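Okay, structure first, notes after.
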Amino acid sequence: MKIRPSLKLYFFISVVMLGSVMALGFSLLSVNYFVDGLDKGITRVMMDVAKTADVEDAKPQNVVGFNIASRWQDTPAIIQQRFGSAPTKQGEIHKLKDQASIFSIPENLYFLVLFENAAGDKRYVSRVLLDKHRTLKLDAGHPKNRLFWTFFTMLIAIALFSFFLVVIMQKIAKPIESLKNWAKALNQDNIQNSPPDFIYNELNVLASIVQSSLISAHRGLDREQRFLSYASHELRTPISVIRSNVDLLQRLSEKAPLSDKQQLTLKRIERAGLTMSDLTDTLLWLSRSNENVLTPEPIELDQKIIQLSTDLNYLLNAKDVEVIIETDQGSVQVEAIACHIVLSNLIRNAYQHTQLGQVHIKQQGKRVTIINSNNHTEHSTTATSKDNEPSTLGYGYGLGLQLSERVIKRHGWFYQIKDEHGRYHVSVDFGANNDQNQQAN
């Protein structure tokens with residue numbers, strides 16, 4: 001199962017990392033400014049000492065801890081040893097330190113700077129701060145592992161920062177959670193109610209947008225249902241007239257036989273009327289509300305399949321299609337019209353979209369499986385039957401199958417589709433309610 005990222009967790013981690021980086025950066029910047037300030041301060045002191053001291057060659061002086069010499073060879077041996085050569089640039093401080101790590105206090109410090117007095121004489125000013133000469137020592141109880149305490153302090157700071165961040169996020173996230181729960185609870189009964197106050201103006205605007213969008217969608221669905229209902233009712237009358245007149249013409253043809261072309265035309269009208277009648281029944285059933293459910297009645301699936309296959313056999317005219325029907329005695333308690341709609345559309349879809357191959361209809365108990373194997377290899381998309389009626393090559397879904405899916409979904413029947421190369425497999429179980437309707441294309 002794919003784990004989706006959490007926006008709340010992403011925001012929390014991002015802010016904590018950003019805060020930690022900023023705290024570390026400002027800490028390093030503060031340390032750098034502090035050290036730089038000390039260096040400038042000691043440079044100023046060394047310059048003042050160099051100006052006031054009167055030094056001769058081979059006679060260096062020591063003023064308040066600073067060694068002042070007029071020649072490089074007169075500077076202390078440890079300074080010559082550590083720096084190696086005399087400085088050449090005036091007023092630039094040179095500093096060396098003995099330090100175990102960047103988190104520990106330097107043990108020994110060495111400073112060296114070159115100045116020229118008003119007369120143009122050079123003055124080498126140096127200062128050595130050795131750990132053994134310090135008069136102020138750390139208390140015995142003071143922690144010496146500064147690296148540990150530095151990280152410990154950092155963790156405490158991050159923990160406090162995270163705590164306050166969580167408090168702020170809860171204050172922001174709570175109205176968002178309320179908005180989410182309110183949106184999930186919206187239905188046709190409460191969608192017209194005014195949305196609650198979500199504290200923040202942006203969330204209130206978003207709630208208004210969600211409500212108006214859902215109201216618009218519900219109105220669209222209502223218009224669709226009304227249209228289906230009105231259209232289906234209005235079409236039933238002319239379709240009934242067409243079918244009754246077709247029956248009348250067939251009875252009249254027994255007394256005065258019709259020509260072959262007239263018979264062909266009459267069959268086309270009869271088939272079109274049958275198709276329109278099935279489609280009208282489907283649309284009328286779908287336009288009904290969920291509350292208006294018809295009473296289930298026993299349906300013999302084997303007889304229903306044979307009857308529909310016979311009625312729809314005209315769709316296989318002029319096609320090299322083998323039909324195999326396997327049924328056993330099985331009865332199911334369902335709405336008769338819903339069962340008729342589903343089986344009729346599924347069989348019709350298989351017959352219409354198979355041009356060369358096999359249609360296998362198998363019924364076991366309450367499950368019906370229809371497999372149409374299409375062996376057509378041409379690239380054209382239409383063909384003409386014996387009756388000069390165009391039909392789609394290959395296999396596909398069609399409007400009837402889409403309507404059947406809606407009927408099946410409303411009843412919660414088990415439904416499975418497998419669409420493979422040259423093979424189309426549909427299964428419906430009228431006795432199994434599958435809330436998670438499986439549909440594999």
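Here are a few things to note about the model shown:
- In the full protein context, region 46-127 carries 56 Å² of accessible surface per residue, based on a 1.4 Å probe and ignoring ligands, DNA and RNA.
- Put simply, the convex hull of the Cα atoms in region 219-353 casts, on average, a shadow of 10.8 nm².
- Computed with a 1.4 Å probe over protein heavy atoms only, the accessible surface of region 196-349 comes to 60 Å² per residue.
- Mean Cβ count within 10 Å, highest first, over the residues of peptides 107-117, 353-363: 353-363, 107-117
- On region 183-312, 55 percent of the accessible area sits on carbon and sulfur atoms, based on a 1.4 Å probe.
- Value of D in µm² per second that Stokes-Einstein yields for region 24-109, Kirkwood Rh from Cα pairs, at 20 °C (1.002 mPa s): 143 µm²/s
- Which listed pairs, of 184/362; 51/97; 304/418; 51/95; 59/97, have C-alpha distances above 30 Å, in listed order: 184/362
- Region 29-53 and region 325-349 have Cα centres separated by 98 Å.
- By average C-beta atoms within 10 angstrom, highest first, the peptides 278-284, 328-334: 278-284, 328-334
The values are calculated or read from the model by the stated rules, or taken from the named source; none is laboratory data. These numbers come from a predicted model, not from an experiment. Cβ: placed from backbone, ideal geometry, glycine included. Neighbour counts: every protein chain shown. Each accessible area value is taken on the protein alone, full model and side chains, heavy atoms only, with ligands, DNA and RNA left out. Shrake-Rupley method; radii C 1.70, N 1.55, O 1.52, S 1.80 Å.
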